[in-house]
Amino acid sequence: GGGAAGARRPELALPWADPLGGWRGCVWPAAGPGPAGRHSMLPRHVQRLGRDWITHWNGSQMLAFNSPVSSCMRWAGHYPSWASFPRPVSADFSANWRFLPVFGPWRQFQNYNWHLDNYTQNCCFHLPNPTMKSEGEEPLTKKRRLSAQDDTSTPEQETDLSNQKEASCLSVAQNKEKRGRKKGTIKRHWEYFCQQSKTVKIAKNIGPDQSSTGSETTFDFTVMSYNILSQNLLEDNSHLYKHCRQRLLFWTYRFPNILQEIKELDADVLCLQEVQEDHYRTEIKSSLESLGYHCEYKMRTGRKPDGCAICFKTSKFSLISSNPVEFFRRDIPLLDRDNVGLVLLLQPRFHCKASAAICIANTHLLYNPRRGDIKLTQLAMLLAEIASVASQKDGSFCPIIICGDFNSVPGSPLYRFIKEGKLNYEGLAIGKVSGQEQFPRGQRILSIPIWPKKLGISQNCVYEIEQQQKEENAGEKLEAAKPDNTQEIVITSEKLSSKLQHHFKLSSVYSHYFPETGIPEVTTCHSRSAVTVDYIFYSAANDGTATQPGADDSFCGGLKLLGRLALVAEKDLWIVNGLPNEKNSSDHLPLLAEFRLIER
């Protein structure tokens, strides 16, 4: 009767429940057993499929309509009268769910306009989890009711139910913990190399006078190198980000995260790569200027919409000169790529010496692992510009910092050339220059010389006009002692034609391997690889140690590394689902170092 029907929960009626194919709205199941309650007109496999499909859902899944539905509905599958039926629940959940194609008819059902991927609170039905696994097994809901009525359950059965419940809770806890790790942040810490740098960092915002050692005034500052991943390049190379959820790849999601990283790290100088021109013009520049930065930008040539930017805090530096470098040369077939560099000469504020200057360079070299000849030529062009900008009146160089994405791994010939100041490339395969490929495909041997003479850059990586002037000045002093020196110099230069040199004493901020384990550090991570390609190189102050090969003592002081933001291993990145992720919105990590300017 009526009392039993009134106490029964409403059921969800789907359009195929009605044998006539119509929607009856609010229908109560017939009292007592019989065909009417079981809908025998439906095929048995459909009845079973409908029942099992519902009962395998766990309690967190929802069915959501975007239009109000009467609470007096019923599920028309093969469902006994004792089962727990769905009931309306007001909650905000999302179910990534689609109906299986075996259900039908669809015509009237489609009129209800289901939206299961959207968040809605209009009307949600919570589907309970009676954990029915097969046709012959009874749901736990009925088992509990029968055990309460008969009270004949054995201790073994109670133990089994308790173990199932405990295992279910443990599984849920593990899933929550795993999701928490995926949404977590990458743990990075500061590594200090100078005891005073800790004190300096704590008292960083006390005042502009800078910390002092004895009676000398020092100038401490931080530099960041960060490839922020151009949105255009992300979309053109979407195969590298298959591990990422789609919403994390939109620029509207990524830019606030990138800006927040920049705010938190609070570097005095930013060297950014893959800065998309339209985003720089509309958002990035204005956002950084509001944080106290002055921005200089160089877009790639051709139709490439991104470039390099150097931004510095006007409270710490003033701009002396800005010098863009284009690696594309129309008259040289070798240089047909659109990569660029940018070199700034900055003057520190609050420093005792008015003539003190720091040269900051930023670049993004060609990616192609099989074109080491282009990479080396681009690097030589950048070094030549740095030599021109950093040159002082007395012939020495001011302190230099070179940041960027060099698309080369530690220990590669290109990397060694930067650090050691020399490279003999005779017999070197073109695909081995950057070390990006374990089995390089570019087997052609580098030509001697690599670039044509009309480029105007010598094998010493300086502009030939400037080198000729230096040689002329040096030749005037030696002419009286060695009148036949010219021919000897020419012969020597021909023998050394396969050797590249530069006269900067450069060190790397990072060591690239963890000393305890030998595991490599990682600066970029996506679906295909996780390696180090980003660097901060600097001209180290001469502390009495042996000079690096290819370098000379021609620096006006130098830089002392006080500390750095530690990098992580590949496994640490995959704990948070690689890069980009919910907190880190580029496929590169920012590099950050703190320096102290040392005067000669």
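The values are calculated or read from the model by the stated rules, or taken from the named source; none is laboratory data. Quick caveat, the model's predicted, so the values are computed rather than measured. Here Cβ is always computed from backbone atoms with ideal geometry, including for glycine, and neighbour counts include all displayed protein chains. We work out accessible area using only protein heavy atoms, side chains counted, and drop any ligands, DNA or RNA first. Shrake-Rupley method; radii C 1.70, N 1.55, O 1.52, S 1.80 Å.
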- Are there any pairs with C-beta distances below 6 angstrom linking a residue in region 327-342 that is of a type in the set (Gly, Ala, Ser) to a residue that is open to solvent by less than 30 Å² (accessible area, probe 1.4 Å), with the two at least 6 apart or on different chains, and if so which? 341/325; 341/363; 341/382
- Mind checking which strands (runs of 3 or more DSSP E) fall wholly inside region 236-344 and carry at least 2 residues that are within 30 Å of residue 449 (Cα to Cα) and open to solvent by less than 60 Å² (accessible area, probe 1.4 Å)? 306-313, 317-326
- Task: Can you work out which of the residues in region 558-573 that are modelled with pLDDT of 95 or more and assigned to a strand (DSSP E or B) is most open to solvent (accessible area, probe 1.4 Å)?
- Result: 560
- Applying the selection to region 336-362, what residues are within 29 Å of the chain's Cα centre (by Cα) and either at pLDDT below 95 or under 24 Å from residue 428 (Cα atoms) (or both)? 336, 337, 339
- Within region 413-444, how many residues are among the basic types (Lys, Arg) and in a strand (DSSP E or B)? 1
- Task: Within region 579-592, track down each residue that is out of contact with any Phe, Trp or Tyr (no Cβ under 6 Å at 6 or more places or on another chain) and buried (at least 21 other Cβ atoms within 10 Å of the Cβ).
- Result: 579, 580, 581, 584, 585, 586, 587, 588, 589, 591, 592
- Task: Could you tell me whether any residue of region 177-190 is in a loop (DSSP other than H, G, I, E, B), in contact with a Phe, Trp or Tyr (Cβ under 6 Å, 6 or more places away or on another chain) and either at pLDDT below 95 or open to solvent by 30 Å² or more (accessible area, probe 1.4 Å) (or both)?
- Result: no
